Structure formats: structure tokens, C-alpha cells
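Beneath this line is the structure, given in C-alpha cells, with notes to follow.
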Amino acid sequence: MKSVTAGWHILHEANLASTVTGEKRAGHCVRSAPPRSYIHLTEGARLERTLVILKPNAVQRELVGEIIARFEKRGLRIAALRMTVMTRALAGQLYREHAGKPFYDDLVSFMTSGPLIVLVLEAEGAVRIVRSMVGATDPADALPGTIRGDYATTAGHNMIHASDSAATAEREIALFFSPADILEYSLAVKPWL
């Protein structure tokens, strides 16, 4: 039996003449749209990587597993993960574009105040997907359902860092991981993403 993906429709050519939402034919369930958590990789699409940091308050509040689970449930693949304590020098490199701004010293102090989790996530459009899941920088502006909207209360301690572009992600990933640290593997559920 041959399966063909056409948009979000999954057609089983040997058994179906057309797709019927939620109808079961010849043992195959057909959906006109995937569950919200799925990310569809279009043919020929390139996977993108992004850096995410769960800040010291996420670790202290024991929210690491819950936050990472959101990314996994959405269909992003973890390519690298580590717990570390950031040095002031590394924080300076990460936030170099903010040097000299009024909040810079507090940001560096906060980011170096305790352990944090650094991870590389991968999917088609990973940067955009992660940024939308993270929410606005100021938690007061972040929508409910986003990570900052659900867990953060102040812009200075907004729970999570996420790369803002593919170019930034490449630079930030290199600060924390060597190419050998980033694993290539397939998820058994990949055909369903």
C-alpha cells in the first residue's frame, strides 16, 4: 500500500478514492488535519536548528521537564542538551548586542546565578515555531498558553531564551556545543510529524 501526503491529507491509494475526515475505511483512519501538536515537514524542506536556554529560575522552580515536554509534544527534536552554569564571559558573548543597555548587568548576573539547561531543537521552521511557543519577551505581553505567558512574571526573569533568527541560532549554538555534541538520529514517529 502506498501512502501519499497531500497537504495535511493522508491518502491510502489502494483503499480510498477521497479523504473523509475521521472516517475509517479498510482499517485506515484518514484526517483532513493533523492534531495541533504535529509539525509537517514538506518534501525537500530543510530542517532548522535553534538554541533554547531554560534560565536559572526555570531550574529552581522545577519546570525543566514540563517546558521541554512542550517542545517534544509539538514535534521538535532535541539534537543536544546540557545542564551548565554560565560564566560571565559566556553570558557576555551570548548577550553582546545588549552590552551598555540599562538591563545588561542584571541580565548577566541572573544568567550566571545558577544552573541552567541549554538545548538545541530541530524542525522545519524551528526558530519561528519556538519563538511563538516562548511568547513575548515581557511576560505581561505574553499570551496565555506561551511559556512566558504561563510561567514568567517579569521581563528580567522571563524563564527562557530562544534564538531570534537562523543566523543568531548558528552563532549561539556554537557558543555551547561543538558539532560532535549535536546528534543526528531519526525519531520513529517522524512519518507522523
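The values are calculated or read from the model by the stated rules, or taken from the named source; none is laboratory data. Fair warning: this is a prediction, and the values are worked out from it, not measured in the lab. Here the Cβ positions follow ideal geometry from the backbone for every residue, glycine too, while neighbour counts run over all protein chains shown.
In the set (1) out of contact with any Asp or Glu (no Cβ under 7 Å at 6 or more places or on another chain); (2) in a helix (DSSP H, G or I); (3) at pLDDT 95 or above, the condition left unmet by Ser113 is number (2). Count of region 122-179 residues, restricted to those that are surrounded by 21 or more Cβ atoms within 10 Å (Cβ to Cβ), under 15 Å from Phe71 (Cβ atoms) and more than 13 Å from the chain's Cα centre (by Cα), is 2.
So, Glu122, is that one closer than 17 Å to Glu172 by Cα and out of contact with any strand residue (DSSP E or B) (no Cβ under 6 Å at 6 or more places or on another chain) or not? If you could, list the steps in order and put the result at the bottom.
Working: closer than 17 Å to Glu172 by Cα: yes; out of contact with any strand residue (DSSP E or B) (no Cβ under 6 Å at 6 or more places or on another chain): no.
No; evaluated as a whole, the condition is false for this residue.
Arg77: buried (at least 20 other Cβ atoms within 10 Å of the Cβ), on the phi < 0 side of the Ramachandran plot, touching a residue at least 12 places away in the same chain (Cβ under 8 Å) and among the charged types (D, E, K, R), yes or no? Spell out how you get there, then give the answer.
Details: buried (at least 20 other Cβ atoms within 10 Å of the Cβ): yes; on the phi < 0 side of the Ramachandran plot: yes; touching a residue at least 12 places away in the same chain (Cβ under 8 Å): yes; among the charged types (D, E, K, R): yes.
So Arg77 passes the test.
Residue-by-condition table, conditions (1) among the aromatic types (Phe, Trp, Tyr); (2) more than 17 Å from Ala58 (Cα to Cα); (3) touching a residue at least 12 places away in the same chain (Cβ under 8 Å); (4) part of a loop (DSSP other than H, G, I, E, B):
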position	(1), (2), (3), (4)
Met83	no, no, yes, no
Val108	no, no, yes, no
Ile129	no, yes, yes, no
Ser132	no, yes, yes, no
Ala136	no, no, yes, yes
Pro139	no, no, yes, yes
Gly156	no, no, yes, no
Asp164	no, yes, yes, yes
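Within region 63-81, the set of residues being touching a strand residue (DSSP E or B) at 6+ places or on another chain (Cβ under 7 Å) and among the small types (Gly, Ala, Ser) comprises Gly75, Ala79, Ala80.
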